[in-house]
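**Student:** Take a look at this one; I'll ask things after.
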Amino acid sequence: MVNAFRNSPSARVQLPLFLLGELLFGLCLVAGKRIEVPNAHWLFPQGFVAAAIKKISRRKLIITTHGGDVEILKKPGARRFLEWPLKSADAVTFVSRHNLAMAHRHTTQSADGWSVLPMGIDFPANLHSPDRSTMNVLFLGRLVEIKGVAYLIEGTTQANNEGLNCHLNILGDGRCRQQLEELVQNLRATELVTFCGFIGGQSKNQYLADSDVVVIPSITDNQGHEEELPVAALEAMAYGKVLIATRTGSLPELLEDGGGMLIEQKDASAICSALKQIAASPDDAARISKSARKKAAEHDWKEITKKFDMILERLR
């Protein structure tokens, strides 16, 4: 929605109709299904609409935030739209401690009922360990500036030029794809990098299983937006892959127990060095893999559901 507003004035005109449509549908849904506790995802627009539904229907309300919505609290002009749902909600969940602290820092609302509850993952029971001479590097996510994929391409190319036998698979699509493909051509790395497009479901899981290293090269973009807690990072850890991630957003919090390697953002050379270090230290890679699986188990949907049930019980 933020990108649409930047690029299309007509998108802003559609917003009031969109909010009205959500409000009417939400009221019908709550009444028709006899929903006792609506759960709105994102502070705006869904959280804003759900706060209105609560006021009209007198139901309890849970709001699940995802990161980008909390960042908008930094902007005074938009803050008043987001403080109302925060004030109205009986419980608010945040994907990380970093995210919760950001909301607390930029709002005057009480933090009563706030808690950290990240998104869950399907935890794989069986792991596949690739046996080959080529290091298979994987990226999963949208091809947009904040993901920092250009630095990953440059870092992987540099590692290959310095003697590391590796290949990079990029799973995802987005407005930066053409620019990134041109970068690969300019680096003469077309045989080194494969753009796979958007892939989901079991096919995505197969790419995860076949990879050796997953890199999350996220950056803080020119508008100050940063990555929060990418589900791709959790999925990589669940599969026992060595995760390389940048020091931005909630990623340091995720890897604080040694479940991956942290590097500075916007640094292709740091990515190159990390890849070479992993190749040279199989024992360290095995240790990281074990720690990653242990940490990721905390995010199994079964565990997340139990915590969500506890929130619901408190509201009854």
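The values are calculated or read from the model by the stated rules, or taken from the named source; none is laboratory data. These numbers were taken from a predicted model, which means no experiment stands behind them. Every residue, glycine as well, gets a Cβ built from its backbone with ideal geometry; the counts of neighbours run over all protein chains shown. Heads up: the accessible areas ignore ligands, DNA and RNA and are worked out on the full protein's heavy atoms, side chains in. Shrake-Rupley method; radii C 1.70, N 1.55, O 1.52, S 1.80 Å.
**Student:** Spot the failing condition for Leu20; the list is (1) open to solvent by 50 Å² or more (accessible area, probe 1.4 Å); (2) assigned to a strand (DSSP E or B), and only one is missed.
**Tutor:** All conditions pass for Leu20, except number (2).
**Student:** Now, a different point. Looking at the stretch 97-105, can you tell me whether even one residue there is open to solvent by 40 Å² or more (accessible area, probe 1.4 Å), under 25 Å from Lys306 (Cα atoms), in contact with a Gly (Cβ under 9 Å, 6 or more places away or on another chain) and of a type outside the set (Phe, Trp, Tyr)?
**Tutor:** Yes; the residues of the stretch 97-105 include at least one that is open to solvent by 40 Å² or more (accessible area, probe 1.4 Å), under 25 Å from Lys306 (Cα atoms), in contact with a Gly (Cβ under 9 Å, 6 or more places away or on another chain) and of a type outside the set (Phe, Trp, Tyr).
**Student:** Among the listed residues Asp131, Asp173, which satisfies the condition of being outside any helix (DSSP H, G or I), surrounded by fewer than 19 Cβ atoms within 10 Å (Cβ to Cβ) and under 24 Å from the mean Cα position of the chain (by Cα)?
**Tutor:** Working: Asp131 fails: under 24 Å from the mean Cα position of the chain (by Cα).
Answer to the check: Asp173.
**Student:** When residues of the stretch 182-207 are filtered for being open to solvent by 60 Å² or more (accessible area, probe 1.4 Å), over 30 Å from His128 (Cα atoms) and assigned to a helix (DSSP H, G or I), how many remain?
**Tutor:** Number satisfying all stated conditions: 3.
**Student:** Further question on the same structure: Among the candidates Arg97, Arg105, which residue alone is out of contact with any Ser or Thr (no Cβ under 7 Å at 6 or more places or on another chain), free of Cβ contacts under 8 Å to residues at least 12 places away in the same chain and more than 18 Å from Asp221 (Cβ to Cβ)?
**Tutor:** Numbers: Arg97 fails: free of Cβ contacts under 8 Å to residues at least 12 places away in the same chain.
The match here is Arg105.
**Student:** Show the residue pairs meeting these rules: Cβ distance below 6 Å; 6+ apart or different chains; first residue within the stretch 46-62 and over 14 Å from Glu83 (Cα atoms); second residue among the hydroxyl-bearing types (Ser, Thr, Tyr) and assigned to a helix (DSSP H, G or I).
**Tutor:** That search, which allows pairs on different chains as well, returns Lys54/Ser88.
**Student:** Still on this structure: How do the pairs read when you match residues in the stretch 141-164 that are free of Cβ contacts under 8 Å to residues at least 40 places away in the same chain with residues anywhere that are part of a helix (DSSP H, G or I) and buried (at least 23 other Cβ atoms within 10 Å of the Cβ), using Cβ under 8 Å and keeping only pairs 6 or more apart or on different chains?
**Tutor:** Matching pairs, first to second residue: Leu143/Val149.
A quick yes/no check of all residues on (1) farther than 26 Å from Met102 by Cβ; (2) more than 19 Å from the chain's Cα centre (by Cα); (3) open to solvent by 40 Å² or more (accessible area, probe 1.4 Å); (4) not basic (Lys, Arg):
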site	(1), (2), (3), (4)
Leu243	no, no, no, yes
Ile263	no, no, no, yes
Leu275	yes, yes, no, yes
Ala280	yes, yes, yes, yes
Glu313	yes, yes, yes, yes
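**Student:** Right, here's the next one. What tally of residues in the stretch 146-170 results from selecting those that are open to solvent by 10 Å² or more (accessible area, probe 1.4 Å) and part of a loop (DSSP other than H, G, I, E, B)?
**Tutor:** Within the stretch 146-170, residues that are open to solvent by 10 Å² or more (accessible area, probe 1.4 Å) and part of a loop (DSSP other than H, G, I, E, B) number 4.
One line per residue, one yes/no per condition, for (1) small (Gly, Ala, Ser); (2) modelled with pLDDT under 90:
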{"position": "Pro217", "(1), (2)": "no, no"}
{"position": "Ala232", "(1), (2)": "yes, no"}
{"position": "Asp257", "(1), (2)": "no, yes"}
{"position": "Ser281", "(1), (2)": "yes, no"}
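**Student:** Continuing with this model, one more query. Can you list residue pairs whose Cβ atoms sit under 6 Å apart, with the first residue in the stretch 252-264 being closer than 13 Å to Leu234 by Cα and the second being open to solvent by less than 30 Å² (accessible area, probe 1.4 Å) and in a loop (DSSP other than H, G, I, E, B)? Count only pairs 6 or more apart in sequence or on different chains.
**Tutor:** Glu253/Ser96
**Student:** On to the next question. Looking at the stretch 111-128, which of the residues that are open to solvent by 50 Å² or more (accessible area, probe 1.4 Å) and free of Cβ contacts under 8 Å to residues at least 60 places away in the same chain is farthest from Asp90 (Cα to Cα)?
**Tutor:** Once the filter is applied, the top-ranked residue is Asn126.
**Student:** Which count do you get for residues in the stretch 43-77 that are closer than 16 Å to His225 by Cα and open to solvent by 30 Å² or more (accessible area, probe 1.4 Å)?
**Tutor:** Residues meeting the conditions: 6.
**Student:** If I go through the stretch 46-97 residue by residue, how many of them are under 22 Å from Pro16 (Cβ atoms), under 19 Å from the mean Cα position of the chain (by Cα) and either among the charged types (D, E, K, R) or not in a helix (DSSP H, G or I) (or both)?
**Tutor:** Total meeting the criteria: 2.
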